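Below: one structure, written as structure tokens.
The values are calculated or read from the model by the stated rules, or taken from the named source; none is laboratory data. Keep in mind the model is a prediction, meaning the values are calculated, not measured. Virtual Cβ from ideal backbone geometry, glycine too; neighbours counted across all protein chains shown. Protein only, heavy atoms only, side chains kept; ligands, DNA and RNA dropped before computing areas. Shrake-Rupley method; radii C 1.70, N 1.55, O 1.52, S 1.80 Å.
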Amino acid sequence: MSAKTLYDKLWDEHVVRQEEDGTALIYIDRQLLHEVTSPQAFEGLRLAGRTPWRISANLATADHNVPTTPVAGGAEGIVDPISRIQVQTLHRNTQEFGITEFGMGHVRQGIVHVVGPENGATLPGMTIVCGDSHTSTHGALGALAHGIGTSEVEHVLATQCLIQKKNKNMLVRVDGQLQPGVGPKDVVLAIIGEIGTAGGTGYTMEFGGQVLRDMSIEGRMTVCNMSIEAGARAGLVAVDDKTIEYVKGRPFAPADEHWDEAVAHWQTLHSDEGAHFDKVVVLDGSAIQPQVSWGTSPEMVVGVNDKVPDPATEADPVKAKGMQRALDYMGLTANTPIRDIQLDYIFIGSCTNSRIEDLRAAASAVKGKKVATTVEQALVVPGSGLVKQQAEQEGLDKIFIDAGFEWRNPGCSMCLAMNADRLPAQKHCASTSNRNFEGRQGAGGRTHLVSPVMAAAAAIAGHFVDVREMV
Amino acid sequence: MSLTQFTHLNAIVAPLDRANVDTDAIIPKQFLKSIKRSGFGPNLFDEWRYLDVGQPEQDCAARPVNPDFVLNQARYQGAKILLARENFGCGSSREHAPWALKDYGFDVIIAPSFADIFFNNSFKNGILPIVLSDDHVEQLFNEVEAHEGYQLDVDLASQTITTPKGQQIGFEVDSFRKHCLLNGLDDIGLTLVHRDEIAQYEAKRQQQAPWLFVTPNLS
Ligand code: SF4
């Protein structure tokens, strides 16, 4: 048998049938649902008189629209009528079809990509889909996880399968050791800066190397989360002892009777020695600086001690024009030191960086200090009810509140501003989210993508600082 | 349900000269709150198209338009073909993006490259995304901008684009997707033809990975 990549193994295990032209039906072990991309899928199902193929394969939670300030009476209490309808529609649909839902007010409710792994609903070796591009997150556990559109959500509900063609294999290897203060977010931003936002298009991207092996499971989730920002629908990390340890004891994880059998299978989930990758990218982990995005695409990123790039030095005219447009939108001048960018807002949250380790890292830079008076609002939004509970047990909420942060309820919040949390026009925000597109955090808002500790340190200083100088 | 068909089109081309146009730009998030599939057209490219900040359920006819934005120019009214730059449709998986493009009237999008999820979602909604070489895209941008009323003829069966001067440009399209689009086939119906095979696979999987089929302990 020839050597296989992890992706080859996961793919082969899930092929139900394959056409001559390579189009395949892939069996889906888990579908995660949320309120924004599922209503039209349920509606389509009903209109066609169809029912879900395997109800227990689905798990739903409300996240994009939920308010992060206390709401009395669950979904009914949402003030924005259109948000309320979406959250209520998810509840009605899951009730009608008997799908498990962690709705508003449930302690397990949260951002769908935080909820899946922390409940063990994401397991190694699974195929996982969700109507959300950051489904790539779940690949951190050695699962093949894709973001899909609403028509595909309906297709998976009705057939438990997805029509797909196999991608090419890409390996991103990060060697060596990270410097103290440099973390998973910096690693993935550096990768995107290197290969560009279309660098992974058409590939499934496996992340490996010493840096990934040393990284925690939550850190790997941060990296896989943003593989879509590098163009790859799915990101993967091989299963190791940490993965198995992470999964153990979670409610959807195998219980005693199946545990050993499951572990034996999971231990095979890594790329074989000598497996063929169509593209290999190698980064030196020890050279990665704390990253800050300066523009309106995640590839527009530099080290904290660098300067805002100058379009005049870019040879490609389409690129130079894009850079200039980004500078105009961001209100920045070429060659300004990144450290001189003043921040008006701080957002710590999103499916990229709202897990307990992220909050601990941010709290470590905040403890005993105060948010700069020039910062208008600083938010911490835990990724789920369970993360919030854990953080409160550790007293992290107090650290944030004492420093002048607002401590909120779980949801997507200012990552995309579908709820009331919005970045006003022309305000600069240090954000731990994953997209700095025009208007993403609020119309006209100016996003800088950074790690949790970088966002926290920027909140205290009022401008970007090199966190390596603090450790 | 994807029952929309595409076979042939002869229409005006609108040039959108920006790389990495993301789905947040195609349809900003405040409009994703609708639980319907239709009615997104008036908010297509909302932040570029209007001078105010758009809100859901607003009468767009009464809003101040941005005269500089390409779709607001008289010469591109009625365009059904969008000419775009690299990595079109990157970002979120929202199918509201192709819904908005379709609702506005676009049936074909031509670009040097597309983001994967968007590319896939387009086919499911009767939009044909066509990848052409950088040189051809550059040529089309030049011609569209130079000639008012510039139209292209797009034929899916023969996989060719014909320019007003009669130049023919071939394009690739996946055979399964072409078949579905030409015939307006519903992929769920097509997949359910194989329901027995799916059930067999599932039974086998349940034996091999029984832990995936147990009820969670949520106490
Ligand atoms: S946190 Fe942001 S990126 Fe993640 S699922 Fe929510 S909106 Fe999408």
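Take each residue of peptide A:319-330, count the partner chain Cβ atoms within 10 Å of its Cβ, and average: the result is 1. Close amide H partners of A:Gly209, meaning residues 5 or more places away or on another chain with modelled amide H under 5 Å apart, are A:Val174.
Amide H to amide H distances under 5 Å link A:Gly444 with A:Gly439, where only residues 5 or more positions off or on other chains count and H is placed in the peptide plane. Looking at chain B, which longest stretch skips every one of the GluC sites (Glu not before Pro) that is in a DSSP loop with at most 12 other Cβ atoms within 10 Å, leaving the sites themselves out? So the longest stretch without any such site is B:58-147. Once each part is reduced to its C-alpha centroid, what is the distance from segment A:449-465 to segment A:1-75 in angstrom? First find each Cα centre; the distance between them is then 36 Å. When the Cα atoms of chain B are aligned to their principal axes, the ranges along those axes come out at 64, 43, 26 Å in descending order. Within segment A:1-109, the GluC sites (Glu not before Pro) that combine a DSSP coil assignment with at most 16 other C-beta atoms in a 10 angstrom radius are A:Glu19, A:Glu20. Normalised by 2.2 N^0.38 Å, where N is the number of residues, the alpha-carbon radius of gyration of segment A:233-386 equals 1.45. Modelled spin labels at B:Val65 and B:Gln208, positioned 7 Å past Cα toward Cβ, are 5.6 nm from each other.
For segment B:76-82, putting each phi into the Karplus relation 6.51 cos²θ - 1.76 cosθ + 1.60 with θ = phi - 60° gives couplings of 9, 5, x, 4, 10, 10, 9 Hz, in residue order, rounded to whole numbers and with x for Gly and Pro. Amide H contacts for A:Val301 (H built 1.01 Å from N in the peptide plane; partners 5 or more residues away or on another chain; cut-off under 5 Å): A:Trp294.
Calculated FRET efficiency, A:Ala287 to A:Ser2, Cβ-Cβ distance, R0 = 25 Å: about 0.15 to the nearest 0.05. Shown here are the Rg and Dmax of the Cα trace of segment A:354-471, at 13.3, 37 Å.
Using the Cα coordinates of chain A, the gyration tensor eigenvalues translate into equivalent-ellipsoid semi-axes of 33, 27, 22 Å, sorted from longest to shortest.
Within straight-line reach of B:Lys204, meaning a Cα separation under 24 Å, sit the following lysines at least 8 residues removed in sequence or on another chain: A:Lys4, A:Lys9, A:Lys165, A:Lys166.
The GluC sites (Glu not before Pro) found in segment A:264-346 that occupy coil by DSSP, while having at most 10 further C-beta atoms within 10 Å, are A:Glu273.
Once the Kirkwood radius over Cα pairs is known for segment A:49-172, the Stokes-Einstein relation at 4 °C and 1.567 mPa s delivers a diffusion coefficient of 82 µm²/s.
State the Cα centre-to-centre distance between segment A:214-230 and segment B:39-68 in whole Å. For segment A:214-230 versus segment B:39-68, the Cα centre distance is 36 Å. Using just its DSSP H runs of length 4 or more, each adding -39500 (n - 2.57), chain B gives a mean residue ellipticity at 222 nm of -8500 deg cm²/dmol after division by all residues.
Of the trypsin sites (Lys or Arg not before Pro) found in segment A:237-296, those that fall in a DSSP loop while having at most 13 other beta-carbon atoms within 10 Å are A:Lys248. Look at where the Cα atoms of segment A:132-148 and of segment A:392-432 average out, and the two centres are 25 Å apart. Note on chain B: GNM, Cα springs under 10 Å; of B:Leu128, B:Leu32, B:Leu190, the largest mean-square fluctuation is that of B:Leu190.
Take the Cβ-Cβ distance between B:Ala157 and A:Arg92 as r, set R0 to 60 Å, and report the resulting FRET efficiency rounded to the nearest 0.05. That pair, B:Ala157 with A:Arg92, gives E of 0.90.
Using the Cβ of A:Ile148 as centre and a radius below 13 Å, the other residues enclosed give a net charge of -2, where K and R count +1 and D and E count -1. With all pairs of separate Cα atoms included, segment A:112-244 yields a Kirkwood hydrodynamic radius of 14.8 Å. Couplings 3J(HN,Hα) for segment A:19-27, derived from phi with the Karplus relation 6.51 cos²θ - 1.76 cosθ + 1.60 (θ = phi - 60°), are 7, 4, 7, x, 5, 10, 9, 10, 6 Hz, where x marks Gly and Pro. Charged neighbours of B:Leu218, selected by a Cβ distance under 12 Å, balance to +1 (K, R count +1; D, E count -1).
Taking only protein heavy atoms and a 1.4 Å probe, what accessible area per residue, in Å², does segment B:104-219 have with all protein chains in place? On a per-residue basis, segment B:104-219 sits at 45 Å². Helix-only arithmetic for chain A: the sum of -39500 (n - 2.57) across DSSP H runs with n ≥ 4, divided by the residue total, places the mean residue ellipticity at 222 nm at -9000 deg cm²/dmol. In order along segment A:164-175, phi translates into HN-Hα couplings of 8, 10, 5, 7, 7, 9, 10, 10, 10, 10, 10, 8 Hz, rounded to whole numbers, per the Karplus curve 6.51 cos²θ - 1.76 cosθ + 1.60 with θ = phi - 60° and x for Gly and Pro. Between B:Ser38 and A:Asp241, the modelled label-to-label distance comes to 6.0 nm, taking each label 7 Å out from Cα in the direction of the beta carbon.
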